[in-house]
Amino acid sequence: MVFVATLVPVGGWSVHLGLSVRDHLEATRDALVHLRAVVSARDLDRIALTLATARRHAAEARRLTSGPDWSLLTHAPVLGDGATTVRGLAESAAELTDVLAGVQRIGTPFLTGASNSPDDMAHLLAGLQAAAPVLDGAAARLARARALLADSPARTGMAALDQARGAALYQIDRLHGWMGGAATAAALIPPMLGNNGPRRYFLAFQTNAESRGTGGLVGAFGILKADHGRVGVTRLAANTGLDGSPRPVTDHGPAFRARYGKAAVELLSVSNLSPHYPYAAKTWTALWERQTGRRLDGAIAIDPVGLSYLLGLIGPVTLRGGEQITATNVVDLTERAAYARYPDPVARKRFLIAVAQAVGEALPKSFAEPSAVLPVLKPMIQERRIQIWSRHDAEQRRLSGTALSGVLPQRPGPYAGLVVNNSAGGKLDYYLNRSLEYNLGPCRDGRRATRVRIRLTNDVPRVALPSYVTGRLDSPGLPHLAGSNLLWVSLYAGVGTKLAAARIDGQPFEAINEVERSHPVYSNLLELAPRESRTLELDLVEPASARPPSVPVQPLVRPQQTRIVEDRDGCGP
């Protein structure tokens, strides 16, 4: 540690003290690095031993830096900032290792797998319920440790010490994010899986070959039942199985009505035009209640990409005719091949329901090994392949802070969200390529000039496609090039943003200007011929903000290519 060398003029005892602190902090760091390996190996004895070693060294470093001798060093000229930062490192290391020890005690049953079988799900849910407050407390302690270290000097004049401080803050941030997510999962999973009584959810299967704000058209649905951890899917039906309503079944407010119209709260087919998932979920459950008289506890949406992740966990499923549905073929089968294979829409819907049924029957297998579920859930949640809404207010408040909720946040900050809705009525969005470039200039006088460049390509193949895929329901009597598409393209900008100029393929245009959940929304209908690319550019003036830019991605078949370019000067601290 460079800091020790600077102690030489102060005296021998100070050097000895500095060396001792250095040795204990380095031993703590080495033990924590080793801890990752033993956790991956699920070696419980080595986990406990390694964590105890890290804890012992961190506690000793904290003790040495908490005494009067070290306090004198923090007030010494030249040395003061370094001594204060070293004390912050020791304090945060001790707090971190204490937190990990507490979490290790509650996590042991999940690592052993002793209570991970479907037959012992009640024990697993009880364990999660008991873990939730411990994890909440751990997240709070990590936040305090982070704040303490962040208050220490960042520039001590010793590069190695400054780097150690930065690395520690980064690791604490990562662990705090994980701990907060684990606490939320532990608090939500038991009640939502029926630990306190049976639950029933509307389960929507979105077909993102025909884009909607939350992902895709609801092509099929079912009712997911959960009772003390046992999960099953019933009442599977095509989208035609949910009747429309002659009047709105719910009210999302005047801004929603102005942008989407009454049909969005009367018909399943246009119920999810908004990217704010709770709007769609509330409409679905209200339509179900109107048709059946039965209330549901919430709604879950999944798409074929999400199904592919689940199949990667539970393995292939076999349909009655012997066809295997796998992680590698489910997206292509359900979003492209089925339209060519089944010209009759009724037969095609039967096939899609058979796929959903087979996956639904295999779904309980995914709960047999909870530690294996997490790596699968992570990309599903990050990509919004699964979205969840709960009717229970406390659960929904907790969900709203996660990517699972599909919430369009109302907080300020740089924001550029591209949303497309298919306006042609075909299934050509399977072939849609998207890219978004977000250029953020420097902040001046409380404002910031930014530019969003969107490029959309209709990458439809040069082969004949089924008419159901290429049909133009928007104007069926008019001639269109086979394979042409029509999209309602919207950019959701940051709260308080103003539009300075807009161009399509370099030519100025008047964007439709609306507001949704405090976000200005700039929209336009865009025709895309086969294999044509169109470019939209929007020059914006945003409020100055030091928050990191947010660019959410609509979950369609093909991933969006996103690039964020931020001026080096940024907006300051």
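Check Ala337, Ala394, Ala403, Ala362 and return the single one that is under 22 Å from His228 (Cβ atoms) and either assigned by TED's automatic domain parsing to the domain that holds Leu188 or without any contact (Cβ under 8 Å) to a residue 24 or more places away in the chain (or both).
After ruling out the rest, the residue left standing is Ala394.
Of the residues Gly253, Gly194, Gly241, Gly215, which is among the small types (Gly, Ala, Ser) and on the phi < 0 side of the Ramachandran plot?
Matching residue, one of Gly253, Gly194, Gly241, Gly215: Gly241.
What is the number of the single condition among (1) closer than 26 Å to Leu125 by Cα; (2) assigned to a helix (DSSP H, G or I); (3) touching a strand residue (DSSP E or B) at 6+ places or on another chain (Cβ under 7 Å) that Trp284 does not meet?
(1)
Just checking, how many residues over segment 173-205 are part of a helix (DSSP H, G or I) and within 20 Å of the chain's Cα centre (by Cα)?
18
From the list Gly82, Gly88, exactly one residue is in contact with a Phe, Trp or Tyr (Cβ under 7 Å, 6 or more places away or on another chain), part of a helix (DSSP H, G or I), assigned by TED's automatic domain parsing to the domain that holds Arg146 and not aromatic (Phe, Trp, Tyr). Which is it?
Gly82
Restricting to segment 227-249, and then to whatever is farther than 17 Å from Ala301 by Cβ and charged (D, E, K, R), can you tell me which residue is surrounded by the fewest Cβ atoms within 10 Å (Cβ to Cβ)?
Arg247
Checking the conditions here, which among Pro461, Pro466 is assigned by TED's automatic domain parsing to the domain that holds Gln560 and farther than 21 Å from Arg534 by Cα?
Result: Pro466 is the single residue among Pro461, Pro466 that is assigned by TED's automatic domain parsing to the domain that holds Gln560 and farther than 21 Å from Arg534 by Cα.
What strands (runs of 3 or more DSSP E) completely inside segment 499-550 contain at least 3 residues that are at pLDDT 95 or above and buried (at least 18 other Cβ atoms within 10 Å of the Cβ)?
Result: 519-528, 533-543.
Please state which of the following conditions Pro414 fails to meet, knowing it meets all the rest: (1) modelled with pLDDT under 90; (2) more than 17 Å from Thr184 (Cα to Cα).
(1)
Residue check: is Tyr468 aromatic (Phe, Trp, Tyr), farther than 16 Å from Val521 by Cα and outside any loop (DSSP other than H, G, I, E, B)?
For Tyr468, the condition - aromatic (Phe, Trp, Tyr), farther than 16 Å from Val521 by Cα and outside any loop (DSSP other than H, G, I, E, B) - is met.
Right, Leu465: crowded, with 22+ Cβ neighbours inside 10 Å and at pLDDT below 95 or not?
In short, no.
Return the pairs, sorted by first residue and then second, in which the second residue is exposed (fewer than 13 other Cβ atoms within 10 Å of the Cβ) and modelled with pLDDT of 95 or more, the first residue lies in segment 503-515 and is assigned by TED's automatic domain parsing to the domain that holds Leu540 and under 10 Å from Leu536 (Cα atoms), the beta carbons are less than 7 Å apart, and the residues are 6+ apart or on different chains.
Matching pairs, first to second residue: Pro508/Ala501.
Any residue at all in segment 468-475 that's among the polar types (S, T, N, Q) and more than 22 Å from Gly215 (Cβ to Cβ)?
yes
Could you check segment 346-404 and list, in sequence order, the residues that are of a type in the set (A, V, I, L, M), modelled with pLDDT of 90 or more and not in a helix (DSSP H, G or I)?
Ile386, Ile388 - these are the residues of segment 346-404 that are of a type in the set (A, V, I, L, M), modelled with pLDDT of 90 or more and not in a helix (DSSP H, G or I).
If you take the residues of segment 412-461 that are over 19 Å from Ser550 (Cβ atoms), basic (Lys, Arg) and in a strand (DSSP E or B), which of them is nearest to the chain's Cα centre (by Cα)?
Among residues in segment 412-461 that are over 19 Å from Ser550 (Cβ atoms), basic (Lys, Arg) and in a strand (DSSP E or B), the one nearest to the chain's Cα centre (by Cα) is Arg455.
Yes or no, residue by residue, for (1) surrounded by 15 or more Cβ atoms within 10 Å (Cβ to Cβ); (2) in contact with a Gly (Cβ under 8 Å, 6 or more places away or on another chain); (3) modelled with pLDDT under 80:
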residue	(1), (2), (3)
Arg46	yes, no, no
Leu51	yes, no, no
His57	yes, no, no
Thr65	yes, no, no
Ala76	yes, no, yes
Ala93	yes, no, no
Leu96	yes, no, no
Asp119	no, no, yes
Arg144	no, no, no
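Checking Thr285 against (1) surrounded by 21 or more Cβ atoms within 10 Å (Cβ to Cβ); (2) under 22 Å from Pro559 (Cβ atoms): exactly one of these is not met. Which one?
Here Thr285 clears every test but (2).
Tell me whether segment 294-316 contains one or more residues that are over 25 Å from Val373 (Cβ atoms) and more than 29 Å from the chain's Cα centre (by Cα).
Yes, segment 294-316 has at least one match.
In this structure, is Arg155 out of contact with any strand residue (DSSP E or B) (no Cβ under 7 Å at 6 or more places or on another chain), part of a helix (DSSP H, G or I) and surrounded by fewer than 19 Cβ atoms within 10 Å (Cβ to Cβ)?
The answer is no for Arg155.
In segment 27-62, what residues are closer than 12 Å to Val86 by Cα and of a type outside the set (A, V, I, L, M)?
The answer is Arg62, and nothing else.
Filter segment 261-317 down to residues that are among the polar types (S, T, N, Q) and either touching a residue at least 60 places away in the same chain (Cβ under 8 Å) or under 24 Å from Arg336 (Cα atoms) (or both), then give me how many there are.
Going through segment 261-317 one residue at a time, the tally reaches 6.
Which one of these is acidic (Asp, Glu), closer than 30 Å to Asn196 by Cα and in the same structural domain as Asp98 (by TED's automatic domain parsing): Asp162, Asp136?
The unique qualifying residue is Asp136.
Take Asn433 and decide whether it is in the same structural domain as Gly496 (by TED's automatic domain parsing), buried (at least 23 other Cβ atoms within 10 Å of the Cβ) and of a type in the set (S, T, N, Q).
no
The values are calculated or read from the model by the stated rules, or taken from the named source; none is laboratory data. Everything quoted here is computed from the prediction, not taken from an experiment. Because the Cβ atoms are built from the backbone with ideal geometry, glycine has one as well, and the counts that use them run over all protein chains shown.
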